[in-house]
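The values are calculated or read from the model by the stated rules, or taken from the named source; none is laboratory data. From a predicted model like this one, the values you see are computed outputs, not experimental measurements. Cβ placement follows ideal geometry from the backbone for every residue including glycine, while neighbour counts extend to all protein chains displayed.
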Amino acid sequence: MKAAPAEKAEVLWSPSPEQARTSEMAEFARWVRRSRGVDVDELDYAALHAWSVGDLEGFWSAAAEFLGVMYRDPPTAVLESVQMPGARWFPGATLNYAEHALTPGMGRQDHDVAVLFAREDGLERVLTHAELRDQVGRARTGLIEAGVGKGDRVVALAPNCPETLVMFLAAASLGAIWSSCSPEFGTPAVRDRFVQTEPKVLLAVDGYCYGGKRFDILENVVTLQTHLPTLRQTVLVTYLDPDAALEGATSWAEFTRTPGELAFEPVAFDHPLWILYSSGTTGLPKGIVHGHGGIVVEHLKMLRLHHGLRPGERFFWFTTTGWMMWNFLVSGLLVGATIVLYDGSPGHPDLGALWELAEKHQVALFGVSAPFIQSCLKADLLPRESYDLSAMRALGSTGAPLSAEGFRWLGDAVGEHIQICSISGGSDVCTAFLGSAPTVPVWLGEMSCASLGADVRAVDEQGRILRDEVGELVIGRPMPSMPVAFWNDPDGVRLREAYFEDLPGLWRHGDWVEATSRDSFVIYGRSDSTLNRGGVRMGTADFYSVVEGFDQVDDSLVIDTTELGAQDEGLLLCFLVLRTGVDLADVEPSLRKALRSGLSPRHVPDRFIAVGAVPRTLNGKKCEVPVKKILAGVAPDKAVSMGALQNPEALEAFLGFHIGG
């Protein structure tokens, strides 16, 4: 699969000379040239990136200094070993994430706005930095009274609201370890995550709003408590009903009744900050542990250098507390930005809700998912005509590959002045290793560049580097925000199996990617759900781009059963969610023709099957691999954690199509 020649690539956005020169990225390049003697031009991103992955110690020590990382104890080295796994960053250093988020500075003075919160039903709150610091000090006192200290776990079954943020920062200030799930998670999914961590304190809400409905989860909280014998205290936020109560629980008001000192426990650079989780689509979710220092320096790098966030700017990303983008969003506090928290459905009362939010709060960096953009495109929205988006200078997209049509729609319907920041990364690194930079153009359908310090490669089965053709996405050298461990994996066996088993010495991420001659990248989907027809590999994103381009198709799921162990090539199945009133027979001939011409004759499905819905994880990802397993005869509860799904009932449609044994 070849990329378009460089001279034919369509540029959708390019920084003006003034924008590029005044960016933090250009300032960093000038700084390393002056202070470190690095021979790099301020606007030559390719050269800057080459240095960042060629001289890891030089780059990351420079980044930490330029970005203002605050050590209590200085590091004795930058990197003890470049081996993966086993790299240990900044040994000897101590610091604290919460200190970086809460210490007064540019954008973080007492009167500066720290948080703008909005709920879909109209509830709104504003927190200044003085108020945020006061709340964190109170919650910190409550945690100390509950016996929480360094290394203890604090968990939350709570939405994207101020109380969740306050409790996280309070836990981090003590050196306690944070973990959170969104309240719409099924109880088994939450149990499977939290029971591993043995928490001392649980923050919970009485319910949540979504899509115009209110959901009471107090029974879920009670059930969860029975599975967490180490709990010393449950703290209840009366999020929907001010009179809600839970026997034995402490109200948020009571928990934060006492003012407390805002102090910060200095911890080692790799001391656990939080535990994220794998998606739960392949069994018990793995607990992915990130360290204070790795997250501080990585998020400062991404938010200041790559996204150009400045003190006082408004930063929004639509997310829940069960997705790593929540962790990325709250790190906006590190750079003095005002973070905009939204809780609710992105489509309630209609798809204009988030665009209206962007207008109201003058959001500068606006982040959503690729499926949301696709929904807006299909609904023929023209946000630029309905909302004042003049403050929006960059729009982030993640969660799935953004189609070329999605890129085009953003330029036409939202604003050609807006930089499209299509990014890819994951919970594994809690960042994006592919994305954008303020000194690099945006090409149609492509991620502009690899992030600084991210040695992203496309390789073949032997690990040989590919250019302008599709290969396995690997990272060739360590990054500070790679997991310091998996939870309950003392020998590191599961971590090695997850990333390093197939290509020793290289981090295998599990995506198909194309590295172009422009140093841009295109993601084609998960490498373990790739369409392999007659030896011709193609990512599922290509397929969905064609099929979901039809107005008659609301959603789709394609499964190549070849990889299920059959000796001969298996069936290629396409499951379709059709618009109301559309018959499969009406659209199938056109789909076959479009796939034949748009992809190849080999990629025309053997069968099209209409279903009511495509099963998705709570983060919105299509369940390609679990459905593959179900089609091979694996029991649904063995193929996927039901509590990790938005719509587990959608799996029923696939039970009648067993293939193989």
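Pick out the one residue from P626, P636, P615 that is more than 23 Å from Y524 (Cα to Cα) and either in contact with a Lys or Arg (Cβ under 8 Å, 6 or more places away or on another chain) or at pLDDT 85 or above (or both).
P636
Residue by residue, here is whether (1) out of contact with any Gly (no Cβ under 6 Å at 6 or more places or on another chain); (2) modelled with pLDDT of 95 or more holds:
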| site | (1), (2) |
| --- | --- |
| L434 | yes, yes |
| T439 | yes, yes |
| V442 | yes, yes |
| E446 | yes, yes |
| A450 | yes, yes |
| D455 | no, yes |
| E461 | yes, no |
| V470 | yes, no |
| L473 | yes, yes |
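Look at the stretch 6-25: where a residue is under 24 Å from E405 (Cα atoms) and a partner is of a type in the set (V, I, T), sitting 6+ places away or on another chain with Cβ atoms under 6 Å, you get L12/V442; W13/V442. Of the helices (runs of 4 or more DSSP H) contained entirely in the stretch 364-476, those carrying at least 3 residues that are free of Cβ contacts under 8 Å to residues at least 60 places away in the same chain, aliphatic (A, V, I, L, M) and over 16 Å from H306 (Cα atoms) fall at 370-378. A search for C-beta distances below 9 Å between a residue of the stretch 311-331 that is closer than 16 Å to C430 by Cα and any residue that is assigned to a helix (DSSP H, G or I) and basic (K, R), counting only pairs 6+ apart in sequence or on different chains, returns G322/R193. Inside the stretch 145-165, residues that are touching a helix residue (DSSP H, G or I) at 6+ places or on another chain (Cβ under 7 Å) and in contact (Cβ under 8 Å) with a residue 40 or more places away in the chain make up a count of 11.
If you go through the stretch 291-317 one residue at a time, how many are outside any helix (DSSP H, G or I) and in contact with a helix residue (DSSP H, G or I) (Cβ under 6 Å, 6 or more places away or on another chain)?
Kept after step one, since they are outside any helix (DSSP H, G or I), are these residues of the stretch 291-317: 291, 307-317.
Among the residues that remain, those that are also in contact with a helix residue (DSSP H, G or I) (Cβ under 6 Å, 6 or more places away or on another chain) are: 308-309, 314-315, 317.
The total comes to 5.
Restrict the check to the stretch 10-26 and report whether at least one residue is among the aliphatic types (A, V, I, L, M), farther than 25 Å from H509 by Cβ and in a helix (DSSP H, G or I). Checked against the condition, which is being among the aliphatic types (A, V, I, L, M), farther than 25 Å from H509 by Cβ and in a helix (DSSP H, G or I), the stretch 10-26 yields at least one hit.
Just checking, does the stretch 522-543 include any residue being modelled with pLDDT of 90 or more and either within 24 Å of L284 (Cα to Cα) or among the β-branched types (V, I, T) (or both)? Yes, the stretch 522-543 has at least one match. D560 falls short on exactly one of the conditions (1) at pLDDT below 95; (2) surrounded by fewer than 20 Cβ atoms within 10 Å (Cβ to Cβ); (3) acidic (D, E), and that condition is (2). Filter the stretch 186-213 for residues that are touching a helix residue (DSSP H, G or I) at 6+ places or on another chain (Cβ under 6 Å) and farther than 20 Å from V154 by Cβ and give the result. Those that are touching a helix residue (DSSP H, G or I) at 6+ places or on another chain (Cβ under 6 Å) and farther than 20 Å from V154 by Cβ: G186, P188.
Against the list (1) part of a helix (DSSP H, G or I); (2) more than 20 Å from S278 (Cβ to Cβ); (3) in contact (Cβ under 8 Å) with a residue 60 or more places away in the chain, the condition E131 fails is (3).
Out of G476, G445, G471, one residue alone is among the small types (G, A, S) and over 22 Å from the mean Cα position of the chain (by Cα). It is G471.
Under the condition of being surrounded by fewer than 24 Cβ atoms within 10 Å (Cβ to Cβ) and hydrophobic (A, V, I, L, M, F, W, C), the residues counted in the stretch 149-168 number 1. The set of residues from the stretch 616-644 being in contact (Cβ under 8 Å) with a residue 40 or more places away in the chain, out of contact with any His (no Cβ under 8 Å at 6 or more places or on another chain) and not in a helix (DSSP H, G or I) comprises T617, L618, N619, G620, K621, K622, C623, V640, S641. Of all positions in the stretch 46-62, none carries a residue that is of a type in the set (D, E, K, R), surrounded by 13 or more Cβ atoms within 10 Å (Cβ to Cβ) and touching a Phe, Trp or Tyr at 6+ places or on another chain (Cβ under 9 Å). Could you count how many residues in the stretch 83-107 are surrounded by 23 or more Cβ atoms within 10 Å (Cβ to Cβ) and in a loop (DSSP other than H, G, I, E, B)? Qualifying residue count for the region: 3. When P605, P615 are checked against the criterion of being under 28 Å from D583 (Cβ atoms), under 23 Å from the mean Cα position of the chain (by Cα) and surrounded by 16 or more Cβ atoms within 10 Å (Cβ to Cβ), P615 stands alone in meeting it. Scanning the stretch 426-444 for residues that are closer than 13 Å to G399 by Cα and surrounded by fewer than 24 Cβ atoms within 10 Å (Cβ to Cβ) yields a total of 2.
Residues in the stretch 190-217 that are in contact (Cβ under 8 Å) with a residue 60 or more places away in the chain and surrounded by 24 or more Cβ atoms within 10 Å (Cβ to Cβ): V190, R193, Y208. Just one residue in the set V148, V113, V78, V136 is over 30 Å from R232 (Cβ atoms) and out of contact with any Phe, Trp or Tyr (no Cβ under 8 Å at 6 or more places or on another chain); that residue is V113. The condition of being surrounded by fewer than 22 Cβ atoms within 10 Å (Cβ to Cβ), touching a Cys at 6+ places or on another chain (Cβ under 6 Å) and within 30 Å of F543 (Cα to Cα) holds for only one of L382, L377, L351, that being L351.
Out of the stretch 321-332, which residues are outside any helix (DSSP H, G or I) and modelled with pLDDT of 95 or more? Once the filter is applied, which keeps residues that are outside any helix (DSSP H, G or I) and modelled with pLDDT of 95 or more, the stretch 321-332 yields only T321. Candidates in the stretch 544-560 are the residues that are out of contact with any Cys (no Cβ under 9 Å at 6 or more places or on another chain) and among the hydrophobic types (A, V, I, L, M, F, W, C); of these, the one that is farthest from G445 (Cα to Cα) is V553. Filtered by the rule that a residue be of a type in the set (S, T, Y) and either over 15 Å from L300 (Cβ atoms) or in contact with a His (Cβ under 6 Å, 6 or more places away or on another chain) (or both), the stretch 26-83 gives S35, Y45, T76, S81.
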